[in-house]
Amino acid sequence: MKPHLHTFLQHAGQADFDDKTGAAPVAMPPVRTSTVRFKTLSHLDQAIAARQAGERAVIYGRGGMDTHRALEDVFCELEGGTQAFLVPSGMAAISLAMLSFLSQGDHVVVADCAYAPVRTLDKNVLERMGVSVSYCAPTPQACQAAIQPNTKVLYVESPGSLLMQMLDMPALAAVAQAHDLILMTDNTWGSGLIYQPLALGADVSIIAGTKYIGGHSDLMLGAVVAKNSAHAQQIEACHYALGFSVSADDVWLALRGVRTLPLRMQQSAASALQVCEFLASWPEVSAIYHPAWPHDPQHALWQRDAFGSNGLLAFSLRVDMPAARRFVDALRLFGIGFSWGGFESLVQLVEPAALANHSYWNPENGFLIRLHIGLEQVEDLVADLAQARQQLESI
């Protein structure tokens, strides 16, 4: 009987028992090496032949050892993919996925709710390569309309990076399949545990393991997971050519993180819903963005396609910029910083310029504030938000 995914995560990456003593540590140690030694030339020949046949044989430390294989297996199990490729960050994962399938003269359609640095990759790398990019609203209809004869990739993120819009992934997959496109999606929000886009029709899933996979804000990591072996071969060739390598210690930390992934996400998700309800009572709040919240416009899609939620939410605060800045500065338990998915709560005031090119944003809503709800007691977080609001009113 195949164990539940949560059970799998508790046993993945465990150390093997010693043949002589029958003992083993619980966790596999981080296997660090640059050079891989071979007993004979025949053993080296076998490893090279295995790699050429598509197997995960190791001939040099850059490709990772047993620790890396264990985490790759975790990503494959979470995402339901054929093969996973580890890279040093989420942005590196986006770059690897794009560069694996694009050539000079190709065109990419990008849903404009995707992680903003995709535009930096476009301007600094893809444009120079002769690859053109079109941005469109994150709907199947808009993506369909943006497709050109030379389009090769449809790139989306679900939920969206700032307003957490759930996308209709099966409908997007139908569009991609009708035009023979590679459908890539950033699945950092779901991390395979609460959302599995490959099962919904996507071809490639991209995850910033820096966030919920690691869970402790102490590592940088990304992964690209391919649904089929043909796509995996293309990614593997690019992965090798670009020389990506991830520290065995960071991989070990990520394996540690996945043990508590279900519990952490469940706790953050429950607290986030309570924060949404609290914010809904504020007259200054014009909108709340969190797909698991029943009043979110994409709540029905979340119910249909997701298995759970997490601690990420955003809300529009109808005040001027100085007041919005004072509100953020007044918070005590929410650290000001980028990223999310760790144990701690965070706040980010999104600059208007970051939203200027996004079809879904209405400037009349005010200023966008994004919160990550961590593992603190939710009553304390609510009290912190309340005192920050009161401090604003007294100024």
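The values are calculated or read from the model by the stated rules, or taken from the named source; none is laboratory data. In this text the structure is predicted, and so the values were computed from the model without any measurement. With ideal geometry, Cβ positions are generated from the backbone for all residues, glycine too; neighbour counts draw on all protein chains shown. The protein model used for the area step is the full one, side chains on, heavy atoms only, and it has no ligands, DNA or RNA in it. Shrake-Rupley method; radii C 1.70, N 1.55, O 1.52, S 1.80 Å.
Taking 7 Å steps out from each Cα toward its Cβ at S103 and Q391 produces label points 5.7 nm apart. Accessible surface for F17 stands near 150 Å², nearest 10, in the context of the full protein assembly shown (1.4 Å probe). Computed extension length for S34-A356: 111.4 nm, one decimal, from 0.36 nm per residue of separation with the Cα-Cα distance subtracted.
Over segment 191-331, the alpha carbon radius of gyration divided by the compact-protein estimate 2.2 N^0.38 Å works out to 1.30. Springs between alpha-carbon pairs under 10 angstrom, Gaussian network model over the chain: which of E277, E344, E364 fluctuates most? Among E277, E344, E364, the largest mean-square fluctuation in the Gaussian network model of the chain belongs to E364. The translational diffusion coefficient of segment 7-48, from Stokes-Einstein at 10 °C and 1.306 mPa s with a Kirkwood hydrodynamic radius over alpha carbon pairs, comes to 121 µm²/s.
Using the rule -39500 (n - 2.57) for each DSSP H run of four or more residues, divided by the residues of the chain, the 222 nm mean residue ellipticity is -11500 deg cm²/dmol. Scanning residues 5 or more positions from A27 or on other chains, those with amide H under 5 Å from its amide H are A15, with H placed 1.01 Å from N in the peptide plane.
Note on Q141 and M1: the model spin-label points, each 7 Å out from Cα along the C-beta direction, lie 4.8 nm apart.
Between R62 and M321, the contour length at 0.36 nm per residue exceeds the Cα-Cα span by 88.5 nm.
Computed from the Cβ-Cβ distance with R0 of 41 Å, the FRET efficiency linking D249 to Q274 stands at 0.70. Judged by the mean number of other Cβ atoms found within 10 Å, the most tightly packed of the peptides 207-217, 122-132, 83-93 leads the ranking 207-217, 83-93, 122-132. Remark on segment 22-158: Rg and Dmax equal 19.8, 62 Å (Cα only). The 3J(HN,Hα) values that the Karplus relation (6.51, -1.76, 1.60; θ = phi - 60°) gives for segment 256-273 are, in residue order, 5, x, 5, 4, 9, 3, x, 5, 5, 5, 4, 5, 4, 5, 5, 5, 4, 5 Hz. Gly and Pro appear as x.
Estimate the FRET efficiency between N365 and I336 by the formula 1/(1 + (r/R0)^6), using the beta-carbon distance for r and 22 Å for R0, to the nearest 0.05.
Details: r = 21 Å, r/R0 = 0.97.
The calculated FRET efficiency here is 0.55.
How far, in nm, would the chain grow between D180 and A49 when pulled straight, counting 0.36 nm per residue and subtracting the alpha carbon separation?
Working: separation 131, 0.36 × 131 = 47.16 nm, distance 3.21 nm.
Computed gain between D180 and A49 is 43.9 nm.
Once you've got the GNM for the chain with C-alpha springs shorter than 10 Å, pick whichever of P297, P170, P25 has the biggest mean-square fluctuation. The residue that fluctuates most here is P25. Once both labels are positioned 7 Å from their Cα atoms along Cα-to-Cβ, the gap between F17 and N228 label points is 4.1 nm.
The value obtained for the chain, namely the Cα convex hull volume divided by the number of residues, is 155 Å³ per residue.
In the context of the full set of protein chains, the chain has a per residue accessible area of 44 Å² (1.4 Å probe). Label zone (A237, point 7 Å along Cα-to-C-beta; backbone nitrogen cut-off 17 Å) within segment 26-53: 51-53.
Across segment 252-319, the fraction of Cα-Cα pairs farther apart than 15 Å, rounded to a whole number, is 58%. Ligands, DNA and RNA excluded, the heavy atoms of D106 present near 20 Å² of accessible surface to a 1.4 Å solvent probe. For L312, the residues whose amide H sits under 5 Å from its own are I373, ignoring neighbours fewer than 5 places away on the same chain, with H placed 1.01 Å from N.
Pairwise Cα distances in segment 283-374 exceed 17 Å for 54 percent of all pairs.
On the protein heavy atoms, probe 1.4 angstrom, tell me the percent of accessible surface of the chain carried by carbon and sulfur.
Working: 9360 of 17280 Å².
Carbon-and-sulfur percentage of accessible area, whole number: 54.
Between E379 and T120, the FRET efficiency estimated from the beta carbon spacing at R0 = 35 angstrom works out to 0.35.
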